[in-house]
Amino acid sequence: MKKLIVGNFKMNQTPEESKAYFMRFVSGFTGNRADVVLCPSFLSLPVASFLAKGSLVKIGAQNVSDEEEGAFTGEVSAKMLKNAGVEYVIVGHSERRNKYKETDKLINKKIKTALKNGLKCIFCIGESLTDRNTGKTFEVIRHQIEEGVRGLYENELESVVIAYEPVWAIGTGQNASVKDVENAAKVIRKVIFESYSEKASRDIQVLYGGSLNEKNVAALLNCPGIDGGLFGKISLNVNAFLDIANNLK
Ligand code: 13P
């Protein structure tokens, strides 16, 4: 199976800058080595989905409201995203958990609302440096998964991708080791096995994210149990990211 490559642009690119990026990426992407989802900011979604239409490039959003519609100032609903050509949404990113105090409960509600509206979720989990240093990594990610998928039916998991992003590896230039990633993938699949089935634990897509770059990508994305990667900084460099997406080993 092809690897899944996801670019999280975070709070970068104006719509005009996204236009230039997508024109270049869509025309240069071969789709031979990987599937690609690009997640620009909300404001760039219309131009991105317009330019990606009919191509192999899929569009994701970086956030979604847990509510369906109504008096929720500043929020963007799953239905709006779907209507704007969005296929995936990132939920549970550590930047939202930490800076915007998103709880496991809220994340679970966002996942349910997104799935109900036909969006796929890139559900992020990962331990902090303190968790890691106190030997709590697996306990923390187990808890995040159990709470995040609570109440989901097994067939709904087909629309959920789990991204293991250790907080200490995000934006630090310090990626996890192949062994760390392999062990995390094992735990993730074990939790899904215990909560669902052997089939679900085998079928669920698991990504790694955190300081991925052109040098470490092959080793980290080819370790056992890993189906792709979630990229931050490097995804903003269109030529570097195209190179990764087109030539993934
Ligand atoms: P970096 O690749 O910049 O470390 O960011 C990873 C990330 O948070 C992707 O969601």
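Brief remarks follow.
- Considering Ala71, Ala61, the condition of being touching a Cys at 6+ places or on another chain (Cβ under 8 Å) and at pLDDT 95 or above is satisfied by Ala61 alone.
- Residue within the stretch 13-28 that is under 29 Å from Ser128 (Cβ atoms), surrounded by fewer than 16 Cβ atoms within 10 Å (Cβ to Cβ) and touching a residue at least 40 places away in the same chain (Cβ under 8 Å) present: no
- Test: residue in the stretch 110-131 that is open to solvent by 10 Å² or more (accessible area, probe 1.4 Å), part of a helix (DSSP H, G or I), among the hydrophobic types (A, V, I, L, M, F, W, C) and more than 16 Å from the ligand (Cβ to nearest atom): yes
- When residues of the stretch 215-243 are limited to those that are without any contact (Cβ under 8 Å) to a residue 40 or more places away in the chain and within 12 Å of the ligand (Cβ to nearest atom), the one farthest from Ser18 (Cα to Cα): Val217
- Looking only at the stretch 67-95, residues that are touching a Phe, Trp or Tyr at 6+ places or on another chain (Cβ under 9 Å), buried (at least 17 other Cβ atoms within 10 Å of the Cβ) and in a loop (DSSP other than H, G, I, E, B) come to 2 in all.
- Taken over the stretch 53-98, residues that are within 18 Å of the chain's Cα centre (by Cα) and among the basic types (Lys, Arg) amount to 4.
- Restricting Gly31, Gly54 to residues that are open to solvent by 10 Å² or more (accessible area, probe 1.4 Å) and part of a loop (DSSP other than H, G, I, E, B) narrows the list to Gly54.
- Any hit, the stretch 63-84, residues being within 23 Å of Asn246 (Cα to Cα), in contact with a Ser or Thr (Cβ under 9 Å, 6 or more places away or on another chain) and touching a residue at least 12 places away in the same chain (Cβ under 8 Å): no
- Counted residues, the stretch 38-48 - those being of a type outside the set (A, V, I, L, M), crowded, with 20+ Cβ neighbours inside 10 Å and over 17 Å from the mean Cα position of the chain (by Cα): 1
- Subset of the stretch 57-66 (residues that are open to solvent by 10 Å² or more (accessible area, probe 1.4 Å), outside any strand (DSSP E or B) and over 20 Å from Thr14 (Cβ atoms)): Asp66
The values are calculated or read from the model by the stated rules, or taken from the named source; none is laboratory data. These figures come from a predicted structure and were not determined experimentally. For neighbour counting, all protein chains shown are included, and Cβ atoms are generated from backbone atoms with ideal geometry for every residue, glycine included. Side chains included, ligands, DNA and RNA excluded: accessible areas come from the protein's heavy atoms. Shrake-Rupley method; radii C 1.70, N 1.55, O 1.52, S 1.80 Å.
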